[in-house]
Amino acid sequence: MTEDHIVIVGGGVMGLCSAYYLNQRGVRVTLLEQGTIADTASTGNAGIIALGHLPLPRPGLVKQALKWMFDQSAPLYIRPRLDIGLWRWILLFRRACKKEHVDHCMEMLSLLGREAIKCWQQIVEDENLECAYQQCGWHDVYRSNAGREHALRDAETIAGYGFDVQQRSGDELRSADPAFSEDVLGGVCYSESAIVDPVRFMVQLADRLEQLGVTIHQNTPVEELLMENKQCKGVRVSGGEQIKATSVVLAAGSWSSLLTKSIGMGLPMQPGKGYYLDLGCTETSIATACVLNEAFIAVTPMGDHVRLAGTVELSGLNQRIIQQRLDMLLSGAKQYFQGLDTVKVKSQGCALRPCTSDGLPVIGPVPHISGLYLATGHAKMGLTHGPITGRLVSEGILDNKTSLDITSLSADRFQ
Ligand SMILES: Cc1cc2nc3c(=O)[nH]c(=O)nc-3n(C[C@H](O)[C@H](O)[C@H](O)COP(=O)(O)OP(=O)(O)OC[C@H]3O[C@@H](n4cnc5c(N)ncnc54)[C@H](O)[C@@H]3O)c2cc1C
C-alpha cells in the first residue's frame, strides 16, 4: 500500500469500480454511500452492457418531448414546473441534439464501449462474480413499420462505428424464443453486447472489495467537501466526522451537482427517472434480452427472474413513483410477448439516471481544484461504462494521464 488515501463519494457502479481499480494499484480506499449499495441507480437498471449505444440527445427529440410534456404515459415525460435548472438544462440539451454533436458522442461512447467490455470480462472472471453475466447480445425488437425504420436507422449508425449488427425476422426471433408474440415483426441484434444481474454484480463486488481491504461505510451521507486553498483535503460526513484524503472521487450519480455547487462549480445535470419491475422465471419463459422499440422498455432475463425496465421522466431529484408509468412496463411488454397475462410482479421500483445536458459523462479532475476527481453523468449507459470509468479514474489520479483520450469528457466543457 502507498501512503495515499482516496475517499470515494457514492456507492453506485462508478464508485465501486473506481474503488476496485484504485485498490488493484495498492491504494487505501474508503467509500461512502448515503444509502445502501443494494439500492442505487446501479442496481435498478436493465442490466444491458450495450456497446456503441446512441446517446440521449437526438435530432428532433426536444420538440417531441415538449409535445409529450403533459402526457404522463409518454415514454419521455417532463413534469411541467418552474425550475430554472431544468429549463437551462433543456436549452443546453437542445443544442446537443444536433447531428455533429451526436457524431461526437458516438465517437466517445464507442471508444468507452470497446474497452468497457474487456473490463467487464476481467472483473467478473478475476473476482468470480456469480451475477448472470452473459455475452449473449441484445435485440432492438419492433412491431410496427415505424419501429422497424427507427431500429434500422440506429443500426446503420452503430454499424458505422464498427459494431456488429444483424437484422432478424419475426419468425427467426420466434424460433429462437417462442415467448415472442406473432405481432413482433423483427429485430436488430447487437451480438457483442452482454447482460448481467446488476443487483448481484453490485452486492458481490462490494463484498469482494471489503475482502480486498476497501473500507465501505453505507448509510453515511457526505455533507461537505473539505477545501483549503483550492485543494480538496477530504470530506465531512453527517454526524460531523471529518475524513482526510489525498484525493476525493465524486461519484454521487444524480446528486453529484449538489456537492459541486457547494464549491462554486455548475454541472448541468438532471435526474432521468426510470422504472423497473422483476417477474419470476417460473411465470415467464422469456429468454432474449431486448429493447421493445416502440415502448422504450428493456426486457432482460437475469437467471432467476426477468427484469422489465425503462421510460425516462424528468421530475426532479426524488424517488416518487407514478404508478401509471410503472404499470406501462408490463402493459408494454404484453404487446411483444405472450404468456404475461397472469404473471406476478416480484419487486419493483424506480432509479435515477444522472443525465448531463450534452449526453456525455464527466470523467476527470475538477478544473482549478486539486485533489477532486469526477466520475458521473453516464445517463442511460452507466452500467455499461462503470468498469472502464473506474479504470480511467485510477489512471487519472495515480498516473496523471489516462490510457484513452478523454479530454472532451472533462468538466471544463461546462465552465
Ligand atoms: C430504469 C433504468 C434502466 C437502465 N438501464 C441501463 C442499462 O441497461 N445499461 C446501462 O449501461 N445503464 C443503464 N441505466 C443507467 C445506469 O443505471 C446509470 O447510469 C448508473 O447506474 C449510474 O451510476 P452512478 O454510480 O453514476 O450513480 P448511482 O448508481 O446513482 O450511484 C450514486 C450513489 O451516490 C450516492 N450518493 C449521492 N450523494 C451522496 C453523498 N452526498 N454522500 C454519500 N453518497 C452519496 C447515492 O446514494 C447513490 O447510491 C439504467 C438506469 C435506469 C434508471
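Things to note:
- Residue match in segment 338-348 (condition: crowded, with 16+ Cβ neighbours inside 10 Å and either under 22 Å from the mean Cα position of the chain (by Cα) or among the basic types (Lys, Arg) (or both)): yes
Rundown of residues vs (1) touching a Gly at 6+ places or on another chain (Cβ under 8 Å); (2) surrounded by fewer than 22 Cβ atoms within 10 Å (Cβ to Cβ), yes/no style:
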{"site": "Cys136", "(1), (2)": "no, yes"}
{"site": "Thr157", "(1), (2)": "no, yes"}
{"site": "Glu182", "(1), (2)": "yes, yes"}
{"site": "Leu185", "(1), (2)": "yes, yes"}
{"site": "Val188", "(1), (2)": "no, no"}
{"site": "Ile195", "(1), (2)": "yes, no"}
{"site": "Thr220", "(1), (2)": "no, yes"}
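- Output for segment 296-312, where each listed residue is at pLDDT 95 or above and near the ligand (Cβ under 8 Å from one of its atoms): Ala298, Thr300, Ala309, Gly310
- Residue in segment 144-151 that is assigned to a helix (DSSP H, G or I), in contact with a His (Cβ under 8 Å, 6 or more places away or on another chain) and under 23 Å from Gly47 (Cβ atoms) present: no
- Arg94 vs. criteria surrounded by 13 or more Cβ atoms within 10 Å (Cβ to Cβ) and basic (Lys, Arg): yes
- Subset of segment 138-154 [crowded, with 16+ Cβ neighbours inside 10 Å, within 25 Å of Val306 (Cα to Cα) and more than 19 Å from the chain's Cα centre (by Cα)]: Val141, Tyr142, Arg143, Gly147, Arg148, Ala151
- Within segment 330-347, the set of residues being without any contact (Cβ under 8 Å) to a residue 60 or more places away in the chain and polar (S, T, N, Q) comprises Ser331, Thr342.
- Residues (within 25 Å of Leu352 (Cα to Cα) and not hydrophobic (A, V, I, L, M, F, W, C)) located in segment 216-253: His217, Gln218, Asn219, Thr220, Pro221, Glu223, Glu224, Arg236, Ser238, Gly253
- Where a residue in segment 94-114 is modelled with pLDDT of 95 or more and its partner, wherever it lies, is buried (at least 20 other Cβ atoms within 10 Å of the Cβ) and part of a helix (DSSP H, G or I), with Cβ under 7 Å and at least six apart: Met108/Leu409; Leu109/Met381; Leu112/His385; Leu112/Ile388; Gly113/Thr384
- Residues located in segment 280-292, provided they are within 15 Å of the ligand (Cβ to nearest atom) and over 25 Å from Thr356 (Cβ atoms): Thr288, Ala289, Cys290, Leu292
- If you check Leu54, Leu32 for being touching a residue at least 40 places away in the same chain (Cβ under 8 Å), within 15 Å of the ligand (Cβ to nearest atom) and in contact with a His (Cβ under 6 Å, 6 or more places away or on another chain), only one passes: Leu32.
- Extreme residue, farthest from the ligand (Cβ to nearest atom), among residues of segment 215-247 that are among the β-branched types (Val, Ile, Thr) and in a strand (DSSP E or B): Thr215
Residues are listed down the side, and each one gets a yes or a no for (1) of a type in the set (Gly, Ala, Ser); (2) in contact with a Lys or Arg (Cβ under 8 Å, 6 or more places away or on another chain); (3) more than 14 Å from Pro75 (Cβ to Cβ):
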| residue | (1), (2), (3) |
| --- | --- |
| Gly264 | yes, no, yes |
| Tyr276 | no, yes, yes |
| Phe296 | no, no, no |
| Leu308 | no, no, no |
| Gly316 | yes, yes, yes |
| Ile321 | no, no, yes |
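- For Ile286, the criteria (1) modelled with pLDDT of 95 or more; (2) more than 18 Å from the chain's Cα centre (by Cα) hold in every case but one, which is (1).
- Residue count, segment 116-134 (criterion: buried (at least 17 other Cβ atoms within 10 Å of the Cβ) and assigned to a helix (DSSP H, G or I)): 6
- Segments classed as strands (runs of 3 or more DSSP E), wholly inside segment 337-412, with at least 3 members that are within 13 Å of the ligand (Cβ to nearest atom): 345-356, 372-376
- The one condition from (1) over 30 Å from Lys261 (Cα atoms); (2) under 15 Å from the mean Cα position of the chain (by Cα) that Pro354 does not meet is (1).
- Residue that is surrounded by the most Cβ atoms within 10 Å (Cβ to Cβ), among those in segment 250-265 that are in contact (Cβ under 8 Å) with a residue 24 or more places away in the chain and in a loop (DSSP other than H, G, I, E, B): Ala251
The values are calculated or read from the model by the stated rules, or taken from the named source; none is laboratory data. Values in this document were obtained by computation on a predicted structure and should not be read as measured data. Cβ sites come from the backbone with ideal geometry, for glycine too, and all protein chains shown count toward neighbours.
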